[in-house]
Each structure stands twice: as C-alpha cells, then as structure tokens.
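Take a look at the structure set out below.
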C-alpha cells in the first residue's frame, strides 16, 4: 500500500462527505416550513417573519445558504437548536461519544463471537453444529432490532427481576459498574443482531475458501486440520470479512438509532428522533451528518486495512 | 407462464424454497383475507379479560383494552405485509429503470448517475428513510415511499451491471444491426435477462422492507394509532410491557416469521434461478 493510495482514499472521503452534506442540506431545505416559522410559531406576523428571515439569512439563494452552513459546520458550529435554544455542536458531540461506546463495544464483541462461529459452522458443514448456527442466525437476521430489544427488556429488566435498568445512562467516569449495567442490554441487542448477520457471511466465505486447492494441498501435506483451518483458510477469509463488517456498520448505525430509542439512551440516535419529531432543523442536520460521516470513516478504515493486509494487491 | 411453472416446480424440490413458498403463499392469503378470517372485531374492548394469556377464545391472548391480539394480527397483516411488498415494488421498479437507463446511455450521464447513487448509498438505509420521512411527514404511505427510495440505488446498481453485461452480447448487437429501436431493445432483449437477478434481490428485500416498515412505525414515523400495524402494536404495548408479554410477543413473532418466510423464498429462488451461485 502506497502513500498515494491513502491520499486518494482520503480525497474520496472528502468528496463523499461533501455529497452527503449536500443531500442532508437539501432534504432540510425541502421542508414546508423554514426555521423562522418554526421559531415564531404559526401565529407570527408577516413583518416579524420577514425580519427574522433576513436576520437568519433565509432570503439568500440556497447555494449561498449551503456554503455558509458548510463553512460553519467545518468550524464545528452546527447552529442553535430550535427546540432547546442551546448550541447544537456540544450536544451532538456528547451524544456521539455515548453512541460510540455502544457501537464500538458491540462491534468488538461481534468480531470476537461471529468470526469463530462462522468458522466453526463452515468446518462442520451439514453437521448438527452447522445447522444449529445457521438456524439461529437465520432467526437473528429476521428479527428487527426493536423487537429483540423490547423482548430483552421485558425478559431481563422487569421490575420483579431487576437484573438490568430498563432505560437511561450513567457516565463511566461516575460509576463504572452502573455504566456497564446501563449499556448491557443495548449492547446485547446490537451484538445478537449483528452476530447473526456476520457469522452467516463468514460461514459462506469460509465454505468457499475450504473448497480451494491450496487447502486440499495443505491437508494432503499432512498438516493438522486445525492448522489448515486457522492458519490457511481463516487468513484468506479475513479479507472479505473486513468488507462485510464495514458494510454492516451501516446496519449498526440504524440499530443504534432504534436501540437508543427503546432504552432511552441519550445518544445521537435519540437526539435525531427527538429532532425529527420536533422539526429541529439544525439538530437533524448535525445528527444525520455525524452518522453518515462515521459510516464513511468506517468504510475508509476497512479499505485501508484491506490494503495493508492483502499483499497480492498493489495500489 | 411456462417459466413460472418450471420455477415453481424447481422451488418445490429445494427445501428452503418449498417452506418459503408455502409460508409466503399462506401469508398473502392472510394479508388479503385477514379481516374476513378474524374471529373477533380487532377494535372491540373486552374489559373483563384484559391482559389474558392465549386461550381457546383468544388464540394469542389480549391487550390492555382486552382486544383480541389474534384478530389484530390478522387485520394488521395487510398494513405490514402488503405495504412492504408495495415499497419493494416501488424501489425495484424505479431502481431498475434508472439502472437500465444509466447502463444503456453510458458516458457522462452514466457517470453522473452512478456517482450520485454512491453518495446516496453512503448514507445508512434507516437514516435515509428517516430523512425522507422528515420531509414527507409521518404516515404509512410516506414510510412506503421512503423505503422505496432507500431501496432504489441498490437495485439501480444491480440492473445497471446486468445491462452492461447484456449490452455487449451478440444478439443485442444483432438487434441493433437490424435497426430495432432503442426502446424495443430494452424491452425485449435487456429486460428479460434482468428478471432473475432482480426477482431474487427483490424477494430478500421484502423481508427487509417488512422489518424497516415495522421499525419506522415503532419510531412513530409510519402507521399512526389505532392502526393494528405490527410495529405500532409493539410501540403501544411498551407502556404495559411488564403486565403481560403477549401484546409484544404476538406482533414480534409475526414480524420475525414473515421476514423468515421471505428470506427462505429468496434463498430458494437464488438457488433455482441462478445455478452459478449454488453452494
């Protein structure tokens, strides 16, 4: 992997981010009511609206508004929330930190669980272990996050059992065990759904790899089954696995939105849903942008990891 | 017609396909005839039997108003399953049109369309649907449109690559040499070749559409109360979730079963229609 490849990918990332920001901005421009109407309410006089419109720069052409908004966003200024009258930037950054805890913990757990599970299923193809793993992952893939989350909530957080809190969040710096308790169920939900997805993919990748000539050659050379499986087959399946996991970050982000809503977890997803319900334009823009940006960065990291691991490809 | 019978016969020999076909067929029956099959009025309150567990009278139990959950599920199938199929159809049709157009025209138009699609696909699916609903407002039909729009770019990519592959084949060149019109070539040479990959993708997407539609309703952005849409039923039941699990279990299991049915059918169709990808 060369420096020029990394630079090329970084330029591509900036390009994607710009296009996404354009989409996010256009969507909020299409809304029937603009920010001035939101702030002043439906009984506002025309003069008051006109004054606020010119004060907020809403009379300018859309292109000028977009560039001004983008310029502010680049400096970390996402505007003022229409709902709370607080600056959006700090709110969304705090929320992002909490969401990141959920997402990263789940992703790590998924890698630890799903990869061995997929390998196990592929190596016992057609045997009870394989069928068991496949069946469970089939159910997991067909279960929306909100259903699983609500069922886990009913089962593990009922007041009579009191195993886990039903909702809320405690910072890790304040109370480590409390924090762990609060993220347990959201993380469990995300982990189960994502494990189902990814173990299925890993299984089919591994099954393909195990059919290849070099695996048979390894067996014929008298290498142990485990050595062939983990040293030879897994290594070659890891590359597609990275791509699969990176693409699944898109699902994970959707999952985070849902799970935060179910467990009243104060992250970006909950902020976004709250903002949509209240038509809080700056917050919607910031929430959507930060989520899309995380997805783009995850894909960039996956591409770089792919390039670094795959010695066959010269970029 | 012959193609249809042949496919169906092959599906029946494939275990996944057979189970999926039967389940989906039953589901479609329930979705269409659900209101006539329901043993009770889905909206009638039975205050004497609130939070009842499943019994002969109430097959899936009752909710906090004593409404029969089984009847509500049957009636709600229409707003969940049929609308999800509609959403998938919108996404598939518009995506296929864009993809064929882009692949057929080529050049800078193709480049522009594909880069736009890349940008849209850089936004996670649920997030895109949420943003579309922000503009359109919350309702079942708007959720259907949002899911359709979110599905279109992926479909466009698939149909574009099929178009590109087919465009260079000899019989298309032959048709062009015969002087057939572009529209004729698209409809009689390119479309038939896309049917198989697009149908396989669309069937699996239906499962996804059902889950997304239910999720949007759950978030309060799709179906509105008192609709017995399954996702909305779960959202409403959360207030009473520690009193009885049945109002959550009944719609939750229904959603999962429907998604499993369409996933099975999709996997079966893939094996039958596309011999290359058979495991």
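Nothing in this text is a laboratory measurement; each read-out follows from the coordinates by a stated rule. All values reported here derive from a predicted model rather than from experimental measurement. Note: ideal-geometry Cβ built from the backbone for every residue, glycine included; neighbour counts use all protein chains shown.
Structure values in brief
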quantity: Sorted by Cβ neighbour density within 10 Å, fewest at the top, the residues A:169, A:12, A:43; calculated: A:43, A:12, A:169
quantity: Angle between chain A longest axis and helix A:234-262 axis [Cα atoms, degrees, rounded to 10]; calculated: 40 degrees
quantity: For B:249, A:223, B:83, order by how many other beta-carbon atoms lie within 10 Å, fewest first; calculated: A:223, B:249, B:83
quantity: FRET efficiency, residue B:18 to residue A:139 (Cβ-Cβ, R0 22 Å, nearest 0.05); calculated: 0.70
quantity: Using a Förster distance of 30 Å, the FRET efficiency for residue A:278-residue B:45 (Cβ separation, nearest 0.05); calculated: 0.35
quantity: Neighbouring partner chain Cβ atoms per residue of B:130-142, average, 10 Å criterion; calculated: 4
quantity: Potential lengthening between residue A:93 and residue A:29 on full extension [0.36 nm per residue; Cα-Cα distance subtracted]; calculated: 20.7 nm
quantity: Under 16 Å from the residue A:155 label point (7 Å along Cα→beta-carbon), backbone N, region B:231-245; calculated: B:242, B:245
quantity: Share of alpha-carbon pairs per 10 Å distance bin for region A:1-152, given as whole %; calculated: 8, 21, 23, 21, 16, 9, 3, 0
quantity: Rounded to 10°, Cα long-axis angle of helix A:128-141 versus longest principal axis of chain A; calculated: 10 degrees
quantity: Average beta carbon contacts from partner chains per residue of B:223-236, 10 Å cutoff; calculated: 1
quantity: Residues residue B:111 and residue A:125, FRET efficiency given R0 of 41 Å [Cβ-Cβ distance, rounded to 0.05]; calculated: 0.45
quantity: Label-point separation in nm, residue A:18 to residue A:217, each point 7 Å along Cα→Cβ; calculated: 4.7 nm
quantity: Angle in degrees between helix A:3-29 and the longest Cα principal axis of chain A, rounded to the nearest 10; calculated: 40 degrees
quantity: Value of relative contact order over chain B, rounded to a whole percent, pairs C-alpha under 8 Å and six or more apart; calculated: 27 percent
quantity: Peptides ranked, highest mean first, by Cβ atoms within 10 Å: ranges B:200-206, B:211-217; calculated: B:211-217, B:200-206
